[in-house]
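For reference, the structure is listed below as structure tokens.
Values in this text are rule-based calculations from the coordinates and carry no lab data. Keep in mind that this is a model prediction, so the values were computed, not measured. All Cβ positions, glycine included, derive from the backbone under ideal geometry; neighbour counts span all protein chains shown.
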Amino acid sequence: MKTCFPDIPDKILFEGPTSKNPLAFKYYNPSQIVGQKIMAEHLRFSVAYWHTFKGTGMDPFGAATFRRPWNMGKTPMEQAENTLQAAFEFVQKLGVPFYCFHDRDLAPEGETFSESCQNLETMVAKAKKLQEETGIKLLWGTANLFSHPRYAHGAATNPDAHVFAYATAQVKHAITATRELGGSNYVFWGGREGYETLLNTDMKREQEQMARFFHMAVDYAKQIGFDGQFLIEPKPKEPTKHQYDFDAATVLDFLRAYDLWDYFKLNIEANHATLAGHSFEHDLTVASLNGKLGSIDANVGDPLLGWDTDQFPTDPVMCAKAMLVVLKQGGIGKGGFNFDAKLRRGSFDENDLFYAHISGMDTFARGLTAAHQIIEDGVLDHFIEKRYASYGEGIGKQIISGRESFDSLEKWILKKGEPAFKSGRQEMLENIVSSYV
Ligand code: XUL
Ligand code: CO
């Protein structure tokens with residue numbers, strides 16, 4: 001097939017912050033060393049197949065605006081093959097090491113379950129060949145358990161055992177495909193695992209079913225020797241009103257309660273964290289301090305809109321705060337930064353896909369270098385250390401040692417009286433962080 005991106009050079013290059021070329025990186029310089037690693041190894045960027053190659057620009061008010069040449073083949077399988085070619089051309093030109101897919105955007109759903117599996121197998125074989133030829137790797141695979149009408153009431157949490165069984169069979173093939181392609185991770189996003197009304201829902205049963213489903217997935221991964229990391233991606237509100245995987249804290253509690261702790265980490269998505277009423281760095285921190293930050297879906301919501309707009313990140317301060325969390329845990333490990341982000345409906349040119357990814361990559365690169373320097377200079381760490389210094393001596397040290405009680409501390413207070421007032425210096429610290437970006 002001929003090129004899908006004729007205006008784009010073979011490779012998007014780093015030209016530095018003074019460049020005016022919109023098809024060049026200003027900050028993302030893959031080979032630049034930041035601390036112990038080069039930028040490419042820190043950021044492990046990935047392109048999301050569903051938005052970038054299968055996104056249509058459709059919204060509830062209007063039809064598709066993206067007319068991608070690769071989605072115009074005669075049959076669904078021909079379209080899938082054209083899309084795969086376009087995807088590898090795009091990822092290669094952008095110079096990103098990874099991609100991610102849902103089973104149903106790599107290969108179309110067939111008339112029967114067997115035909116769907118066959119389509120997937122055919123496309124996996126083709127993807128494997130292109131991976132070998134280009135060196136591009138799979139960051140993670142996943143299954144689409146939310147688009148088909150059979151999943152209207154959920155997949156693993158569906159009240160109908162028949163649908164539960166269908167979902168497990170589908171995921172079996174998605175994990176197999178991910179293993180076949182050497183995927184570093186496999187992601188579980190609940191999709192419709194939640195409910196609309198308790199008038200028709202047994203919440204306890206549904207959560208138990210979800211746990212059962214995860215245990216079966218763990219067993220299957222062991223059975224076939226899949227050594228990728230299992231990740232759960234929390235998200236509140238959408239598509240169901242009450243999602244069981246609401247945020248990082250909710251998912252961690254679920255893993256503890258159902259004996260799944262050792263088998264899963266989290267894939268934290270910025271726009272999901274903010275939909276849950278948290279900042280991106282909050283949910284990253286909740287995951288990280290529990291040793292569970294496995295990967296990141298790099299996007300951003302619109303502060304004026306209350307839904308999952310999945311935009312490309314453009315705020316380097318937000319990215320610096322995120323990168324502080326990642327650097328402090330020693331990196332993102334087997335995970336990466338997957339642009340689960342889409343163009344606005346009016347940005348319908350193929351070239352817009354490049355502008356968007358370049359912008360997101362530059363923004364994260366700025367966040368990375370800023371966070372690294374903030375840590376090197378110890379500005380925040382030093383302040384935080386001083387803020388808690390009272391626990392390192394005197395009564396604070398005693399409290400930590402476990403030797404104090406309500407009674408003994410009351411006696412101490414009766415002697416010492418009121419504590420001194422100490423400012424948290426929030427505005428000063430905010431200005432310090434922006435001065436590094
Ligand atoms: C949906 C979402 C998904 C997951 C993978 O909001 O983020 O695309 O990342 O299923
Ligand atoms: Co996501």
What is the local net charge at residue 298, summed over the other residues whose Cβ is closer than 9 Å to its Cβ (Lys, Arg +1; Asp, Glu -1)? -3
Descending packing, highest mean Cβ count within 10 Å first, for 133-141, 261-269 is 261-269, 133-141
With springs only between Cα atoms under 10 Å apart, run a GNM on the chain and tell me which of 254, 113, 406 wobbles the most. 406
State the three equivalent ellipsoid semi-axes of segment 75-191, derived from the C-alpha gyration tensor as the square roots of 5 times its eigenvalues, in descending order and whole Å. 26, 15, 12
What net charge do the residues around residue 397 carry, taking every other residue with its C-beta under 13 Å from that of residue 397, with Lys and Arg at +1 and Asp and Glu at -1? -1
In a Debye calculation with equal point scatterers on the alpha-carbon sites of segment 1-158 and no solvent, what is log10 I(q)/I(0) at q = 0.09, 0.14 Å⁻¹? -0.37, -0.84
Sequence gap at least 6, Cα distance under 8 Å: using those rules, report the relative contact order of segment 76-180 to the nearest whole percent. 27
Cα-Cα pairs in the chain separated by more than 32 Å, as a whole percent of all pairs, come to 42
Once the dipole of the chain is set up from charges on Cβ (+1 Lys and Arg, -1 Asp and Glu), the residue from the list 303, 320, 413 lying farthest towards its positive end is 413
Cut-off 14 Å between beta-carbons: net charge of the residues surrounding residue 208, Lys and Arg +1, Asp and Glu -1: -1
List the aspartates and glutamates whose alpha-carbon lies under 15 Å from that of residue 265, not counting same-chain residues fewer than 8 positions away? 227, 233, 245, 247, 253, 283, 297
Segment 358-434: trypsin sites (Lys or Arg not before Pro) in DSSP loop, at most 14 other beta carbons within 10 Å: 403, 422, 425
Value of relative contact order over the chain, rounded to a whole percent, pairs C-alpha under 8 Å and six or more apart: 15
Two-site label geometry, residue 24 and residue 399: point separation in nm, points 7 Å out along Cα→Cβ: 5.5
